[in-house]
Amino acid sequence: MIRIPVLRTSVFAAVLLLGACAKVPAVAEGPKPASTFAEALAAADRRAEAGDYVGADRILADFGLKAKGTPEGLEVSFWRAMYIVDPANRTASLGEGIRALDIYLATPGTSWYRAPALVLRRTAQSMQSLRAQQPVRVASGRDTVFVSREDEIASLRDHLAKANAELERIKRRLANPER
């Protein structure tokens, strides 16, 4: 009877020793943001080259959420802003791109693309001011030529004032038909 407890103890000790020597499989780590950053940029670039700027922005936004708090997660906002400012992007405006660049430049911890972001922002602002000063093209069938957008706006306001005055005269006539 003494043999059974000794045998049990021996088997238990052997299992314990063998278990201690066995290798435990390492927990697989997720992809590191630096390697995924390059992949995200490449995928976004392919989308942008195909004209799908919304898809490119979505890829970068998803990466930014996955890599939140990492340097790569912070720097992805530069690339999002760059695709917004791209003149070939018909789904966004220069104003939106300038705001996105301002957000990137105001974010603490961003440093990789600070100089290009400043240059890109100044370029976009210059382009925006030039567009605002551009003369308005004359549409066919119009007999008035405007030198600037401000002139066209002033003319449209005059037309609106005249139309409102005419509308008021008509309202008065309809309200007082005996006249």
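Looking only at segment 39-69, which residues are among the acidic types (Asp, Glu) and in a helix (DSSP H, G or I)?
Answer for segment 39-69, where residues must be among the acidic types (Asp, Glu) and in a helix (DSSP H, G or I): Glu39, Asp45, Glu49, Asp57, Asp62.
Test Leu160 against the criterion of being hydrophobic (A, V, I, L, M, F, W, C), surrounded by fewer than 13 Cβ atoms within 10 Å (Cβ to Cβ), at pLDDT 90 or above and assigned to a helix (DSSP H, G or I), and give yes or no.
yes
Quick check on my filter: what residues within segment 73-97 are farther than 16 Å from Thr123 by Cβ and crowded, with 21+ Cβ neighbours inside 10 Å?
Glu75, Val76, Ser77, Trp79, Arg80
Which pairs do you get when a residue that is under 13 Å from Val76 (Cβ atoms), found in segment 39-52, comes within reach of a residue that is assigned to a helix (DSSP H, G or I), reach meaning Cβ atoms under 6 angstrom, with the pair 6+ apart or on two chains?
These pairs meet every condition: Ala40/Ile59; Ala40/Phe63; Ala43/Ile59; Ala44/Ala56; Ala44/Ile59; Ala44/Leu60.
The values are calculated or read from the model by the stated rules, or taken from the named source; none is laboratory data. Nothing here was measured: the structure is a model prediction, and the numbers come from that model. With ideal geometry, Cβ positions are generated from the backbone for all residues, glycine too; neighbour counts draw on all protein chains shown.
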